[in-house]
Amino acid sequence: MFRARTSLKLPVRLRNSPRIRPWFQSLWELLYPVPEFCPLCQTGIVAEGLPGCKVCISRVNPSMHRLRLARYQGFAVGYYDDYLQHLLYQIKYLNQYQLAVALGKLMALAAKEQPELQAVDYFLPVPLHHERLQKRGFNQAEAFVEGMNQVWPHRVYKAIRHKPTAFQSQLTPQERIKNLNRAFTLIHPTKIKGKRLLIVDDIFTTGATFYSLADLVERNQGVPFGLFLTHSHS
């Protein structure tokens with residue numbers, strides 16, 4: 001190890017040469033790579049083949065939960081409690097975009113092994129209304145999809161949320177359904193005829209958002225599935 005390090009001690013004149021310096025820097029980074037810090041906790045070191053450190057991955061405890069839906073098929077990666085609830089708060093209220101991308105990678109690692117999702121044609125992130133998007137700065141579902149595509153590449157299909165809706169968490173189940181009535185529009189709906197679309201969102205509670213968008217996909221002869229980072233115990 002000592003000999004390897006001393007072999008890189010080129011004269012200062014050569015190391016600072018415009019031609020030699022990039023080569024020297026690349027060689028140094030190859031031999032002594034800088035560890036990547038975990039985007040979930042910012043302190044641990046990213047484990048090989050994973051989007052976070054081993055401690056954070058263990059705390060998230062990702063596993064595919066099959067949701068009991070009245071129609072369609074849906075899956076969640078974890079429960080909405082403790083650590084995942086904390087991470088979602090950082091994403092939605094502290095603008096932690098790269099954290100959402102990292103969690104998207106985790107979602108893809110779990111989802112790509114699910115037999116029912118092997119033939120998916122498109123990822124469809126649940127859209128935000130433009131007013132809320134402007135306030136928040138980014139759509140967490142789109143950030144999830146960005147991360148998913150780094151692990152499990154798919155085409156992305158976009159929908160529009162043209163109706164400004166109230167926050168779902170403040171409404172009863174019946175109010176949520178009414179709140180989302182005709183809230184979405186599909187772009188070029190003929191493209192999804194006969195296609196399987198994986199609708200991606202952060203949390204599944206009553207399913208009002210998912211069903212509203214999934215029903216629209218089905219009415220245009222697409223086949224909707226759901227993938228969520230979390231779901232409630234109820």
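The values are calculated or read from the model by the stated rules, or taken from the named source; none is laboratory data. Not measured: the values here are computed from a predicted model. Methodologically, a virtual Cβ is constructed for each residue, glycine included, from the backbone with ideal geometry; neighbour enumeration extends over all protein chains shown.
Pairs are defined by a Cβ separation below 8 Å, a sequence spacing of at least 6 or placement on different chains, a first member in the range 70-97 that is in a loop (DSSP other than H, G, I, E, B), and a second member that is of a type in the set (Lys, Arg); the pairs so defined are Asn95/Arg136.
With respect to the conditions (1) more than 18 Å from the chain's Cα centre (by Cα); (2) surrounded by 20 or more Cβ atoms within 10 Å (Cβ to Cβ); (3) not aromatic (Phe, Trp, Tyr), Gly44 lacks only one, and its number is (2). Taking Lys178, is it more than 17 Å from the chain's Cα centre (by Cα), basic (Lys, Arg), modelled with pLDDT of 90 or more and assigned to a helix (DSSP H, G or I)? In short, no. Output the number of the condition that Arg219 fails; it satisfies all remaining conditions of (1) out of contact with any strand residue (DSSP E or B) (no Cβ under 6 Å at 6 or more places or on another chain); (2) at pLDDT 95 or above; (3) crowded, with 19+ Cβ neighbours inside 10 Å; (4) of a type in the set (D, E, K, R). Arg219 satisfies every listed condition except (3). In the range 144-161, the residues that are at pLDDT below 95 and in a loop (DSSP other than H, G, I, E, B) form Cβ pairs under 9 Å with partners that are crowded, with 17+ Cβ neighbours inside 10 Å and of a type outside the set (Ser, Thr, Tyr), at six or more places apart or across chains, as follows: Lys158/Leu124; Lys158/Pro125; Lys158/Pro127; Lys158/Glu142; Lys158/Leu186.
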